[in-house]
Structures are given as structure tokens and as C-alpha cells.
Amino acid sequence: MRARPMHHAPRQAGLTLIELLVVVAIIAVLVGLLMPVAAQVRDTARRTTCMAGQRQIGTAIHNYAHDHRDIIPFGPIAPPVIITNLYLFTGHVTNLISLQSGQPVGLGLLIDQYLAVQPQALFCPGNDQPIMTEQEIAAVANRQVQSSYFYRHGSVVSFSYPPSTEHIKLSNLGINRRGDPVRALVMDGNLLAPSAFHAFGIRTRTNHRTRDVNTLYADGHVTTLDNTDGPLTVDLASSPHEAPKRILEALEFADGH
């Protein structure tokens with residue numbers, strides 16, 4: 001008798017368990033490789049948007065100066081000295097856009113007219129802390145509000161009355177304490193505030209993970225400075241009374257770059 005040929009069952013379509021595990025492993029590796037790239041792309045996009053916002057602030061400052069005899073946004077007269085505000089005396093460097101009374105200060109003087117269309121430019125999309133931008137802008141008339149940026153508000157660092165009006169004319173900002181021409185007007189604010197300050201509206205505000213600091217110069221251009229080692233970060237925990245001095249030092253550092 002002739003032996004009957006043996007018939008093998010056809011192989012079912014699909015992946016075996018081992019093949020499936022290999023595919024999953026490959027996908028995991030690809031995701032691991034792509035996540036840092038995606039994060040870097042996201043950070044770059046936010047930094048670029050932040051730079052665009054600073055350029056818009058620069059345009060607003062130039063328009064303000066055009067309408068105010070070449071003077072950049074300056075004032076108002078500071079309230080009595082209280083350690084829980086960031087505007088201790090008229091003309092110092094601050095990241096506030098309104099005082100505890102709700103009175104606009106610094107870059108906040110641009111909101112009603114020169115940044116009326118886009119006041120959110122005062123808040124960097126690269127903020128490391130969640131900020132309800134619209135609520136903060138609405139609160140400007142009622143309480144102390146911090147923007148995302150340090151603003152060179154006359155370069156005052158010591159108590160004086162009447163306040164000095166040096167370094168407030170856009171066409172002639174003068175010379176800083178290091179002997180360099182005053183050039184930097186606005187920079188990403190990296191301010192570290194202890195929890196004790198939170199009740200007074202002073203909170204930690206940092207941008208771009210404190211590594212990159214966008215800086216607006218008087219001619220309207222914006223440059224990114226390296227802050228990897230933290231020279232442009234101000235920590236209120238170590239010396240709250242020296243905060244204005246430290247902020248001004250950061251801007252003077254930017255003057256030379």
C-alpha cells in the first residue's frame with residue numbers, strides 16, 4: 001500500500017507571543033528615545049513664544065516712550081516700606097505689575113493702552129508653575145500681581161527720596177554700576193520665594209526650568225542667556241532684603257552680553 005502523504009496544518013496568521021514581545025520592546029525603546037526629543041521641541045517652542053511676547057513688550061515700551069517724552073514706564077511712588085511687596089521704593093527693579101493696592105506698576109503701566117490687545121504677553125508660556133493668566137490680569141486692579149519678567153524700573157537699589165530718574169530715558173539709559181551701557185530692560189524672572197511669602201501674593205516664579213533666560217534689550221531685540229549655574233536666579237530665602245539688588249545684578253550681567 002502507498003503511504004498517504006502527510007498534511008501539515010497551515011500556520012495561522014498573526015504574531016506569536018515572542019514576536020509580540022519583541023514588537024512591544026521595540027516600541028518602548030522608540031518611545032524612550034522620542035520622549036526627550038519631544039520635550040526639547042516643546043521647550044524650544046515655549047521659549048520662542050516667550051521671546052515673541054518679550055518683543056511685543058519691547059514694542060509697547062517704545063510706544064510708551066514715544067508718548068511720554070522718551071521716558072520708559074516708571075512709577076508710581078512706592079507705598080510705605082513693607083517686606084512683603086516687591087516694590088519697596090520708587091524706581092527699583094521689580095516683577096510686579098500691580099501693588100498690594102492694585103495700582104499698576106512697572107510693566108503694568110502698559111496694560112490699559114499699550115498692551116490692551118494682548119496683556120497676556122506679560123506672562124511667559126514657559127512658566128514652570130501653573131498660572132491662571134486671565135485671572136491674574138483681571139486682578140491687577142485689586143491686589144499685588146507678579147508677571148513673569150523682571151523689569152528694569154529705573155535701576156534704583158537704595159532708599160532715596162525724591163526717587164532718582166536716571167536710566168529711564170529710552171534714548172539715553174546711561175551707564176550701569178559695572179561701567180557698561182544700560183541695555184537690558186526685561187528678562188525672564190527666576191524668583192524663589194519661601195511659603196511664608198505666599199499669603200502676600202509673592203510666589204516662586206521661574207521660567208524654562210531656570211536653565212534659559214530670555215532678555216529684552218532697549219533696541220527691541222531678544223537674546224537667550226544661559227542660567228545653568230543659576231547666576232540669574234534670585235532666592236528670597238537667603239536674602240529677602242537684597243532681592244532688588246540681586247535682580248539688578250542679573251540685568252547688569254545681561255548688559256554685558
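Only the coordinates and a few stated rules stand behind these numbers; no lab work does. Every value quoted in this text rests on a predicted model; they were computed, and no experiment measured them. Reconstructed Cβ throughout: ideal geometry from the backbone, glycine too, with neighbour counts over all protein chains shown.
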Of the residues that make up segment 159-171, is at least one surrounded by 21 or more Cβ atoms within 10 Å (Cβ to Cβ) and either in contact (Cβ under 8 Å) with a residue 24 or more places away in the chain or within 20 Å of THR59 (Cβ to Cβ) (or both)?
yes
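Residue by residue, here is whether (1) in contact with a strand residue (DSSP E or B) (Cβ under 8 Å, 6 or more places away or on another chain); (2) closer than 26 Å to LYS169 by Cα holds:
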residue	(1), (2)
ARG46	no, no
GLY53	no, yes
ILE71	yes, yes
ILE82	no, no
PHE89	yes, yes
LEU96	yes, yes
GLY106	yes, yes
ASP112	yes, yes
VAL117	no, yes
Look at segment 54-97 and say how many of its residues are more than 16 Å from ALA121 (Cβ to Cβ) and not aliphatic (A, V, I, L, M).
18
Only one of (1) of a type outside the set (A, V, I, L, M); (2) under 21 Å from MET51 (Cβ atoms); (3) in a loop (DSSP other than H, G, I, E, B) is not met by THR215, so which one is it?
(3)
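Please find, among ALA184, ALA121, ALA139, ALA193, the residue that is touching a strand residue (DSSP E or B) at 6+ places or on another chain (Cβ under 7 Å) and under 28 Å from ASP226 (Cβ atoms).
Values: ALA121 fails: touching a strand residue (DSSP E or B) at 6+ places or on another chain (Cβ under 7 Å); ALA139 fails: under 28 Å from ASP226 (Cβ atoms); ALA193 fails: touching a strand residue (DSSP E or B) at 6+ places or on another chain (Cβ under 7 Å).
Within the list ALA184, ALA121, ALA139, ALA193, the selection yields ALA184.
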